[in-house]
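Data first, discussion second: the structure below is written as structure tokens.
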Amino acid sequence: MNLIRSLYFNNRFFLAGAIVVILFVISFSFPFFFGIAKLFLTLLVGLLITDLILLYRVKKGIGGNRRCPDKLSNGDENEIKIKIHNYYNFSVHTRIIDEVPAQFQLRNFDIRVTIPKTSSYALSYVLKPVKRGTYIFGALNIFVATSIGLISRRFRLSQKKSVPVYPSYLQMRKYELLAISDRLKEFGIKKIRRIGVNQEFEQIKEYVPGDDFRVINWKATARRGALMINNYQDERSQQVYAIIDKSRNMKMPFEGMTLLDYAVNASLVIANIAIRKEDKAGLITFQHKVQTLLPASRRNRQMFFIMEALYNQKTAYKEADFAALYASVKRKITQRSLLLLFTNFESLSSLESQLPYLRKIARDHLLVVIFFKNTELFSLIAKKATHLEAVYQKTIAEKFAFEKKTIVETLGKYGIQAILTTPRQLSVDTINKYLELKARGLI
């Protein structure tokens, strides 16, 4: 029974069988071909038996395993590694089919490699999830054929595994490493000149080329006989909250992911950067009511709590209640804080209905409203209009694009900071704004 379940006939077998059948058919009219047909049939049966013996004479001809991370990073390419061991004493041709999670809808997963005798072969592929949640890997199927190639033996390796897909921790680590090595500008993070007196004295250190000569400590220089400067650090322990709107406005898709998922990923990145800058990071999510309120902190496990909270964020497709948001912020956040509000306004009228609550929040806190450019409009605007309908579409697209810019200006009139960005640039623009506000001493 196990032999039948694991035995598969290859195309080469069916081709050879078809040739034998054709020869027998022809032999009815031309008896000369009957002997050739019998010879071909005998040869086919002999090769088939040889193939069966070679593949099934050992119980364990192939071994292997799949190695994947304990959790996958949403929106990123995650590497999945497979290692195959060939225990046969001859080279085998393998066809590897991994049962990847159903969410990826991979119908053509098929890797073919030849593995030398008694050796191992390592390979890898990447998966890019676009939704958070639990993903289930199935078995690892390896179809093995000899050089004869008439049949294949399937080895079904039990590799079933459940893997959660978390907000983009790979993106978080990337920006964290760049911040530590002072290489953020390579990814578009601007180096911002510090303004005002928002820095605290840390220590006196020896001057090195590139230091600001305006902070030379002349008394220490005279005592040491070497050029010494005062070293300052940013003010610490400022509260930074990422506020995520989970209403239906944030379900708009972009490159397979929703705006909500982009906001979740950016919130994780900015929280980690804030903690690295020794500020306190917190999280608020809301739609028809406030559903998550994680107080700002820089405790050791704060990033773990933020990641776990972000992992479970979903929308109920309801309208955002900014009045409920204002009430919770007023009641729960008593210290002046930087509030980074991830939301989306498609028109000026949609902003005007929420503007009174945003103005009230901005009285007590430094509020930054972060919303999205509609990238689909750019192609319409750039496209040359060749007929009346295209002229109408282009005019409407330009109107919506203009309204987005008007929203930024309207928020600015009331002292509310704004970022109008694309989903792809969201994390970079958010970090830039945070560093800018910190450098200007506004938080």
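Against the condition of a type in the set (V, I, T), open to solvent by 30 Å² or more (accessible area, probe 1.4 Å) and modelled with pLDDT under 60, how does I195 come out, does it pass? Reasoning before the result, please.
Numbers: of a type in the set (V, I, T): yes; open to solvent by 30 Å² or more (accessible area, probe 1.4 Å): yes; modelled with pLDDT under 60: yes.
Yes; evaluated as a whole, the condition is true for this residue.
Scanning segment 347-374 for residues that are touching an Asp or Glu at 6+ places or on another chain (Cβ under 8 Å) and open to solvent by 10 Å² or more (accessible area, probe 1.4 Å) turns up S347, L348, N374. So, K131, is that one in a loop (DSSP other than H, G, I, E, B), of a type outside the set (S, T, Y) and loosely packed, with under 12 Cβ neighbours inside 10 Å or not? So K131 does not fit the description; no.
One residue stands out among those in segment 101-128 that are in a loop (DSSP other than H, G, I, E, B) and among the charged types (D, E, K, R): the one that is farthest from F90 (Cα to Cα), which is K128.
Cβ-Cβ distances below 6 Å connect the following pairs, each with a first residue in segment 359-383 that is under 23 Å from S247 (Cα atoms) and at pLDDT 85 or above, a second residue that is of a type in the set (F, W, Y) and part of a helix (DSSP H, G or I), and a separation of six or more residues or different chains: K360/Y326; I361/Y326.
Within segment 328-356, residues that are closer than 25 Å to E376 by Cα reach partners that are among the acidic types (D, E) and surrounded by 13 or more Cβ atoms within 10 Å (Cβ to Cβ) with beta carbons closer than 6 Å, at six or more positions or on different chains, in the pairs T343/D245; S347/E403; L348/E403. For segment 330-344, taking the residues that are open to solvent by less than 10 Å² (accessible area, probe 1.4 Å) and in contact with a Lys or Arg (Cβ under 9 Å, 6 or more places away or on another chain), the one that is nearest to H288 (Cα to Cα) is identified as L340. Pick from segment 402-443 the residues that are in contact (Cβ under 8 Å) with a residue 24 or more places away in the chain, part of a helix (DSSP H, G or I) and open to solvent by 40 Å² or more (accessible area, probe 1.4 Å): which of them is nearest to V369 (Cα to Cα)? Filtering first and then ranking leaves D429.
Looking at A316, is it in contact (Cβ under 8 Å) with a residue 60 or more places away in the chain, small (G, A, S), surrounded by 16 or more Cβ atoms within 10 Å (Cβ to Cβ) and touching a His at 6+ places or on another chain (Cβ under 8 Å)? Criteria not met by A316.
Here's the yes/no breakdown for (1) surrounded by fewer than 15 Cβ atoms within 10 Å (Cβ to Cβ); (2) closer than 18 Å to L72 by Cα; (3) hydrophobic (A, V, I, L, M, F, W, C):
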residue: F254; (1), (2), (3): no, no, yes
residue: D261; (1), (2), (3): no, yes, no
residue: L268; (1), (2), (3): no, yes, yes
residue: I275; (1), (2), (3): no, no, yes
residue: G282; (1), (2), (3): no, no, no
residue: F286; (1), (2), (3): no, no, yes
residue: K289; (1), (2), (3): yes, no, no
residue: R301; (1), (2), (3): yes, no, no
residue: I306; (1), (2), (3): no, yes, yes
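Among the residues of segment 1-44, just one is surrounded by 13 or more Cβ atoms within 10 Å (Cβ to Cβ), among the small types (G, A, S) and over 60 Å from the mean Cα position of the chain (by Cα), namely S27. Which members of segment 70-117 meet the condition of being farther than 21 Å from V144 by Cα and open to solvent by 40 Å² or more (accessible area, probe 1.4 Å)? D70, K71, E77, E79, A102, Q103, Q105, L106 - these are the residues of segment 70-117 that are farther than 21 Å from V144 by Cα and open to solvent by 40 Å² or more (accessible area, probe 1.4 Å). In summary, I49 fulfils each of the numbered conditions (1) exposed (fewer than 15 other Cβ atoms within 10 Å of the Cβ); (2) more than 12 Å from I151 (Cα to Cα); (3) not aromatic (F, W, Y) with the single exception of condition (2).
The values are calculated or read from the model by the stated rules, or taken from the named source; none is laboratory data. Everything numeric here is computed off the predicted structure, so don't read it as measured data. All Cβ positions, glycine included, derive from the backbone under ideal geometry; neighbour counts span all protein chains shown. Ligands, DNA and RNA are stripped out before the accessible areas are found, and what is left, the full protein with its side chains, is counted by its heavy atoms. Shrake-Rupley method; radii C 1.70, N 1.55, O 1.52, S 1.80 Å.
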